[in-house]
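**Q** Dumping the structure here so I can ask a few things about it.
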Amino acid sequence: ETGVTQTPRHLVMGMTNKKSLKCEQHLGHNAMYWYKQSAKKPLELMFVYNFKEQTENNSVPSRFSPECPNSSHLFLHLHTLQPEDSALYLCASSQEQGVDTQYFGPGTRLTVL
Amino acid sequence: AQKVTQAQTEISVVEKEDVTLDCVYETRDTTYYLFWYKQPPSGELVFLIRRNSFDEQNEISGRYSWNFQKSTSSFNFTITASQVVDSAVYFCALSRWISNFGNEKLTFGTGTRLTIIP
(Lines give C-alpha, C1' and ligand atoms only; values in the text may rest on other atoms or scores of the structure.)
Protein backbone atom coordinates (compact mmCIF):
# COMPACT_ATOMS: atom_id res chain seq x y z
CA GLU A 1 0.00 0.00 0.00
CA THR A 2 1.53 3.32 -1.02
CA GLY A 3 2.03 5.97 1.64
CA VAL A 4 -0.69 8.49 0.78
CA THR A 5 -3.63 7.61 -1.44
CA GLN A 6 -6.30 9.85 -2.88
CA THR A 7 -9.62 9.07 -4.51
CA PRO A 8 -10.94 9.76 -6.99
CA ARG A 9 -8.00 10.54 -9.23
CA HIS A 10 -10.19 12.49 -11.63
CA LEU A 11 -13.48 14.26 -10.99
CA VAL A 12 -15.72 16.30 -13.24
CA MET A 13 -18.59 18.12 -11.59
CA GLY A 14 -21.13 20.80 -12.30
CA MET A 15 -21.36 23.94 -10.24
CA THR A 16 -24.46 22.69 -8.42
CA ASN A 17 -23.07 19.28 -7.52
CA LYS A 18 -21.82 18.10 -4.16
CA LYS A 19 -18.83 15.79 -4.10
CA SER A 20 -16.09 14.73 -1.72
CA LEU A 21 -12.39 14.05 -2.12
CA LYS A 22 -10.81 11.42 0.07
CA CYS A 23 -7.27 11.08 1.32
CA GLU A 24 -5.82 8.23 3.34
CA GLN A 25 -2.33 7.89 4.72
CA HIS A 26 -0.67 4.65 5.78
CA LEU A 27 2.41 6.20 7.34
CA GLY A 28 1.26 6.57 10.93
CA HIS A 29 1.45 10.35 10.65
CA ASN A 30 -0.50 12.78 12.78
CA ALA A 31 -0.76 15.79 10.49
CA MET A 32 -2.58 16.02 7.18
CA TYR A 33 -2.81 18.80 4.63
CA TRP A 34 -4.86 19.87 1.63
CA TYR A 35 -3.15 21.83 -1.15
CA LYS A 36 -4.50 23.31 -4.37
CA GLN A 37 -2.29 23.30 -7.45
CA SER A 38 -3.43 25.52 -10.30
CA ALA A 39 -1.63 25.96 -13.58
CA LYS A 40 1.25 28.43 -13.48
CA LYS A 41 0.80 29.09 -9.75
CA PRO A 42 2.68 27.86 -6.68
CA LEU A 43 1.06 25.24 -4.55
CA GLU A 44 -1.44 26.83 -2.20
CA LEU A 45 -1.94 25.42 1.27
CA MET A 46 -5.65 25.18 2.06
CA PHE A 47 -6.06 23.35 5.36
CA VAL A 48 -3.95 21.67 8.02
CA TYR A 49 -5.06 19.12 10.58
CA ASN A 50 -2.81 18.12 13.45
CA PHE A 51 -4.00 15.23 15.63
CA LYS A 52 -7.46 15.57 14.01
CA GLU A 53 -7.75 19.23 14.95
CA GLN A 54 -7.84 21.88 12.26
CA THR A 55 -4.91 24.19 12.87
CA GLU A 56 -4.92 26.20 9.69
CA ASN A 57 -7.50 27.52 7.28
CA ASN A 58 -5.72 29.58 4.70
CA SER A 59 -8.65 31.87 3.86
CA VAL A 60 -10.35 29.16 1.87
CA PRO A 61 -13.91 29.85 0.63
CA SER A 62 -16.64 28.06 2.53
CA ARG A 63 -17.61 26.03 -0.53
CA PHE A 64 -14.63 23.87 0.49
CA SER A 65 -15.28 22.02 3.74
CA PRO A 66 -12.63 19.73 5.24
CA GLU A 67 -13.23 16.82 7.57
CA CYS A 68 -10.70 14.77 9.50
CA PRO A 69 -12.39 11.89 11.35
CA ASN A 70 -9.07 10.39 12.42
CA SER A 71 -5.37 10.85 11.83
CA SER A 72 -5.38 8.53 8.83
CA HIS A 73 -8.25 10.03 6.84
CA LEU A 74 -8.93 13.45 5.44
CA PHE A 75 -11.85 14.56 3.32
CA LEU A 76 -12.57 17.67 1.31
CA HIS A 77 -16.27 18.23 0.76
CA LEU A 78 -17.13 20.33 -2.27
CA HIS A 79 -20.35 22.19 -3.04
CA THR A 80 -21.40 24.95 -5.43
CA LEU A 81 -17.91 25.25 -6.86
CA GLN A 82 -16.84 27.69 -9.54
CA PRO A 83 -14.94 26.95 -12.76
CA GLU A 84 -11.87 28.67 -11.29
CA ASP A 85 -11.79 25.94 -8.63
CA SER A 86 -10.66 23.50 -11.31
CA ALA A 87 -7.21 22.35 -10.24
CA LEU A 88 -5.18 19.45 -8.90
CA TYR A 89 -5.94 18.91 -5.23
CA LEU A 90 -3.10 17.33 -3.33
CA CYS A 91 -3.18 15.73 0.06
CA ALA A 92 -0.07 15.39 2.22
CA SER A 93 0.85 14.04 5.62
CA SER A 94 3.69 14.45 8.06
CA GLN A 95 4.60 13.06 11.45
CA GLU A 96 3.40 16.23 13.13
CA GLN A 97 2.44 19.60 11.78
CA GLY A 98 5.46 21.22 10.25
CA VAL A 99 8.00 19.20 12.22
CA ASP A 100 8.69 16.62 9.63
CA THR A 101 8.82 16.25 5.88
CA GLN A 102 5.48 16.21 4.11
CA TYR A 103 4.66 13.24 1.91
CA PHE A 104 2.15 13.76 -0.86
CA GLY A 105 -0.54 11.71 -2.53
CA PRO A 106 -1.09 11.56 -6.30
CA GLY A 107 -3.78 14.21 -6.26
CA THR A 108 -7.32 14.53 -7.57
CA ARG A 109 -7.68 16.36 -10.87
CA LEU A 110 -10.91 18.36 -10.48
CA THR A 111 -12.75 19.98 -13.36
CA VAL A 112 -15.72 22.20 -12.62
CA LEU A 113 -18.01 22.79 -15.56
CA ALA B 1 7.75 37.14 4.21
CA GLN B 2 9.18 34.07 2.61
CA LYS B 3 9.61 33.61 -1.10
CA VAL B 4 11.00 30.93 -3.39
CA THR B 5 11.98 31.74 -6.96
CA GLN B 6 12.56 29.18 -9.65
CA ALA B 7 13.39 31.36 -12.60
CA GLN B 8 13.62 28.49 -15.09
CA THR B 9 10.09 27.70 -16.16
CA GLU B 10 11.05 24.95 -18.60
CA ILE B 11 14.29 23.19 -19.46
CA SER B 12 14.95 20.60 -22.15
CA VAL B 13 18.15 18.62 -22.41
CA VAL B 14 19.24 15.60 -24.36
CA GLU B 15 19.53 12.36 -22.44
CA LYS B 16 22.84 11.85 -20.63
CA GLU B 17 23.50 15.56 -20.36
CA ASP B 18 23.88 17.16 -16.95
CA VAL B 19 21.30 19.75 -15.94
CA THR B 20 21.06 22.18 -13.04
CA LEU B 21 17.79 23.52 -11.68
CA ASP B 22 18.06 26.83 -9.88
CA CYS B 23 16.33 27.82 -6.66
CA VAL B 24 16.69 31.17 -4.92
CA TYR B 25 14.92 31.89 -1.68
CA GLU B 26 14.17 34.86 0.56
CA THR B 27 13.69 34.67 4.28
CA ARG B 28 14.47 36.77 7.33
CA ASP B 29 14.78 33.71 9.53
CA THR B 30 18.09 32.25 10.59
CA THR B 31 16.64 28.79 11.04
CA TYR B 32 14.79 27.26 8.14
CA TYR B 33 14.55 24.19 5.93
CA LEU B 34 14.83 23.81 2.19
CA PHE B 35 13.24 21.04 0.16
CA TRP B 36 13.14 19.67 -3.34
CA TYR B 37 10.19 17.69 -4.65
CA LYS B 38 9.69 15.95 -7.98
CA GLN B 39 6.27 15.82 -9.63
CA PRO B 40 6.11 13.28 -12.47
CA PRO B 41 3.16 13.25 -14.89
CA SER B 42 1.24 11.02 -12.47
CA GLY B 43 0.82 14.08 -10.23
CA GLU B 44 2.28 12.90 -6.95
CA LEU B 45 4.95 15.09 -5.37
CA VAL B 46 7.90 12.91 -4.49
CA PHE B 47 10.15 14.10 -1.69
CA LEU B 48 13.80 14.29 -2.73
CA ILE B 49 15.71 16.14 -0.03
CA ARG B 50 15.44 18.31 3.07
CA ARG B 51 18.29 20.55 4.17
CA ASN B 52 18.45 22.73 7.26
CA SER B 53 19.93 26.21 7.24
CA PHE B 54 22.89 25.26 9.40
CA ASP B 55 24.12 22.54 7.12
CA GLU B 56 25.78 23.94 4.02
CA GLN B 57 27.44 20.72 3.03
CA ASN B 58 26.61 19.68 -0.48
CA GLU B 59 24.71 16.45 -0.77
CA ILE B 60 24.99 13.74 -3.38
CA SER B 61 22.56 10.90 -3.87
CA GLY B 62 23.30 8.81 -6.92
CA ARG B 63 22.91 11.04 -9.96
CA TYR B 64 21.37 13.82 -7.88
CA SER B 65 23.35 16.51 -6.09
CA TRP B 66 22.40 19.67 -4.25
CA ASN B 67 24.43 22.83 -3.77
CA PHE B 68 23.32 24.97 -0.83
CA GLN B 69 24.90 28.41 -0.58
CA LYS B 70 23.61 30.74 2.11
CA SER B 71 25.74 33.60 0.80
CA THR B 72 23.65 33.70 -2.37
CA SER B 73 20.44 32.25 -0.83
CA SER B 74 20.46 29.48 -3.36
CA PHE B 75 19.73 25.77 -3.22
CA ASN B 76 20.43 24.40 -6.67
CA PHE B 77 19.76 20.87 -7.85
CA THR B 78 21.91 19.06 -10.42
CA ILE B 79 21.06 15.86 -12.23
CA THR B 80 24.07 14.13 -13.74
CA ALA B 81 23.76 11.93 -16.81
CA SER B 82 20.06 12.69 -17.15
CA GLN B 83 17.57 9.99 -18.09
CA VAL B 84 14.13 10.11 -19.64
CA VAL B 85 12.63 9.08 -16.29
CA ASP B 86 13.90 12.34 -14.85
CA SER B 87 11.33 14.23 -16.91
CA ALA B 88 9.04 15.92 -14.41
CA VAL B 89 8.26 19.21 -12.74
CA TYR B 90 10.63 19.97 -9.90
CA PHE B 91 9.65 22.17 -6.98
CA CYS B 92 11.86 23.90 -4.48
CA ALA B 93 10.27 24.80 -1.13
CA LEU B 94 11.13 26.67 2.04
CA SER B 95 9.89 26.21 5.58
CA ARG B 96 10.43 28.40 8.61
CA TRP B 97 11.37 26.82 11.88
CA ILE B 98 9.64 28.05 15.00
CA SER B 99 10.85 26.80 18.37
CA ASN B 100 8.26 24.80 20.30
CA PHE B 101 6.23 24.27 17.18
CA GLY B 102 8.76 22.91 14.72
CA ASN B 103 8.58 23.97 11.11
CA GLU B 104 5.92 26.22 9.76
CA LYS B 105 4.15 25.68 6.47
CA LEU B 106 5.97 25.18 3.21
CA THR B 107 6.39 27.97 0.68
CA PHE B 108 6.77 26.52 -2.80
CA GLY B 109 8.34 27.93 -5.94
CA THR B 110 6.41 27.78 -9.19
CA GLY B 111 8.38 24.78 -10.38
CA THR B 112 10.67 23.96 -13.30
CA ARG B 113 9.42 21.59 -15.98
CA LEU B 114 12.32 19.39 -17.04
CA THR B 115 12.10 17.41 -20.27
CA ILE B 116 14.75 14.87 -21.11
CA ILE B 117 14.91 14.20 -24.83
CA PRO B 118 15.83 10.63 -25.78
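**Q** If I go through region B:34-52 residue by residue, how many of them are modelled with pLDDT under 90 and under 14 Å from the mean Cα position of the chain (by Cα)?
**A** 1
**Q** Out of all the residues in region A:49-62, is one or more of a type outside the set (Lys, Arg), under 17 Å from residue A:6 (Cβ atoms), within 14 Å of chain B (Cβ to nearest Cβ) and part of a strand (DSSP E or B)? Reasoning before the result, please.
**A** Our first condition is that a residue be of a type outside the set (Lys, Arg); within region A:49-62, this holds for A:49-51, A:53-62.
From the residues that got through so far, the ones that are under 17 Å from residue A:6 (Cβ atoms) too are A:49.
This time we only want the ones that are within 14 Å of chain B (Cβ to nearest Cβ), so: A:49.
Within this subset, residues satisfying the condition of being part of a strand (DSSP E or B) are A:49.
Yes, there is a match, as at least one residue in region A:49-62 is of a type outside the set (Lys, Arg), under 17 Å from residue A:6 (Cβ atoms), within 14 Å of chain B (Cβ to nearest Cβ) and part of a strand (DSSP E or B).
Conditions (1) touching a strand residue (DSSP E or B) at 6+ places or on another chain (Cβ under 8 Å); (2) closer than 13 Å to residue B:74 by Cβ; (3) aromatic (Phe, Trp, Tyr), marked per residue:
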position	(1), (2), (3)
B:8	yes, yes, no
B:20	yes, yes, no
B:23	yes, yes, no
B:30	no, no, no
B:37	yes, no, yes
B:46	yes, no, no
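**Q** Out of B:13, B:19, B:24, B:46, which single residue is within 20 Å of residue A:103 (Cα to Cα) and surrounded by 13 or more Cβ atoms within 10 Å (Cβ to Cβ)?
**A** B:46 is the lone residue from the list that is within 20 Å of residue A:103 (Cα to Cα) and surrounded by 13 or more Cβ atoms within 10 Å (Cβ to Cβ).
**Q** Please list, ordered by residue number, the strands (runs of 3 or more DSSP E) wholly in region B:70-118 having 2 or more residues that are at pLDDT below 90 and at the interface with chain A (Cβ under 10 Å from one of its Cβ atoms).
**A** Working: elements: B:74-79, B:88-98, B:102-108, B:112-117.
Ranges flagged: B:88-98, B:102-108.
**Q** Same structure, new question: Of the residues A:80, A:5, which is within 25 Å of residue B:36 (Cα to Cα), surrounded by fewer than 17 Cβ atoms within 10 Å (Cβ to Cβ), polar (S, T, N, Q) and modelled with pLDDT of 90 or more?
**A** A:5
The values are calculated or read from the model by the stated rules, or taken from the named source; none is laboratory data. On a predicted model such as this, the values are computed, not experimentally measured, just so you know. Here Cβ is always computed from backbone atoms with ideal geometry, including for glycine, and neighbour counts include all displayed protein chains.
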